[in-house]
1. Take residues that are out of contact with any Cys (no Cβ under 8 Å at 6 or more places or on another chain), at pLDDT below 95 and among the aromatic types (Phe, Trp, Tyr) and tell me which of the helices (runs of 4 or more DSSP H) falling wholly in region 118-227 contain 3 or more.
2. Identify, please: which residue in region 1-44 is part of a helix (DSSP H, G or I) and among the basic types (Lys, Arg) and is, among those, surrounded by the most Cβ atoms within 10 Å (Cβ to Cβ)?
3. Please work out which residue is surrounded by the fewest Cβ atoms within 10 Å (Cβ to Cβ), limiting yourself to region 272-286 and to residues that are in contact with a strand residue (DSSP E or B) (Cβ under 7 Å, 6 or more places away or on another chain) and hydrophobic (A, V, I, L, M, F, W, C).
4. Among the residues of region 156-179, are any under 19 Å from residue 132 (Cα atoms), among the β-branched types (Val, Ile, Thr) and touching a His at 6+ places or on another chain (Cβ under 6 Å)?
5. Suppose we keep only residues that are basic (Lys, Arg) and out of contact with any Lys or Arg (no Cβ under 8 Å at 6 or more places or on another chain) within region 53-103. Which one would you say is farthest from residue 245 (Cα to Cα)?
Amino acid sequence: MLDVLIIGAGPAGLSAAVYARRAGMSCMVLEKTGMPGGQALYAEKVENYPGIPTISGFDFIKNLKNQAETLGTQFIMKAANTIDMGEDSGSVNVQLTDGTAIEAKNVILAMGAERRHLEVPGEDRLRGKGVSYCATCDGAFFRDKTVCVAGGGDSAVGEALYLSGICKKVYLIHRRSTLRAAAIVQEKLKSADNVEVLLNTVIMEIKGREMVEALRIHNVISGEISDLAADGIFIAVGMQPQTEFLRNVQGIELDENGYVVADENGRTGMAHVYAAGDIRKKPLRQIVTAASDGANCIKSVENDLR
């Protein structure tokens, strides 16, 4: 029987795998997308990981996965469907979506989070036709064009900055009166001459026949509704934890937003089940905190096994 089964191959899951193998534990990682890395994979530059001044998200994840593989971690590209206690209550049974099951002494939940949608007319219909959720993935298709970025946090401002070096014009649209991004990122934004920030503005609709042509926007202060011509929109309005399959699992508590409630050492309310990374309820979600969570979970596993 496996010592540790890790669900999710982002920074939290991969960090847990490295620490598990270094502790001599047998370890397997499940990844449903077929591409390890989670949201970190799409970061153009990671500049806030201690000891590494700058690195692309792709290279960071590649190095971390290689490290885990070199130590002997097994990877299986499958998705979990539900979990429950094993027959002897000393293990956890994980049912997969393909009908098979894996039993392990301990399970670490590290499924991460995915980007939220605006949920406005035109978004689904024009996805991939001017609607994108990743500037580093799709920005090159909009070279010398006019685009919009929806959101006001670090991710949105980062997307706008990246696009400012590619596009003719970038509109950053945020529904509140102030941006939520870190001060240092906002300072960089001020130096981008081709970025215009539209505050107190809500996107009502994404318009276009075959491709994005315009956004219908509403200024909540003036009440004005207008159409803003654009060739594309990049949506960065927050994250959705990938915890849907846990909603009916006895012993695992989710908060009102779907994040797993666990203590600072990763322990959930279900024996032998731990939570790490962006799915855990906590104040800060960064690569460095995800990696730390993964390490903490393995330390908790070691202590509990004793």
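The values are calculated or read from the model by the stated rules, or taken from the named source; none is laboratory data. Bear in mind that the values here come from a model prediction, so they are computed numbers and not experimental data. Cβ: placed from backbone, ideal geometry, glycine included. Neighbour counts: every protein chain shown.
1. The helices (runs of 4 or more DSSP H) meeting that bar number zero.
2. 21
3. My answer is 273.
4. So far as region 156-179 goes, no, none of its residues is under 19 Å from residue 132 (Cα atoms), among the β-branched types (Val, Ile, Thr) and touching a His at 6+ places or on another chain (Cβ under 6 Å).
5. Our first condition is that a residue be basic (Lys, Arg); within region 53-103, this holds for 62, 65, 78.
Subsequent filtering for residues that are out of contact with any Lys or Arg (no Cβ under 8 Å at 6 or more places or on another chain) retains 62, 65.
Values: 62: 28, 65: 25 Å.
The residue in question is 62.
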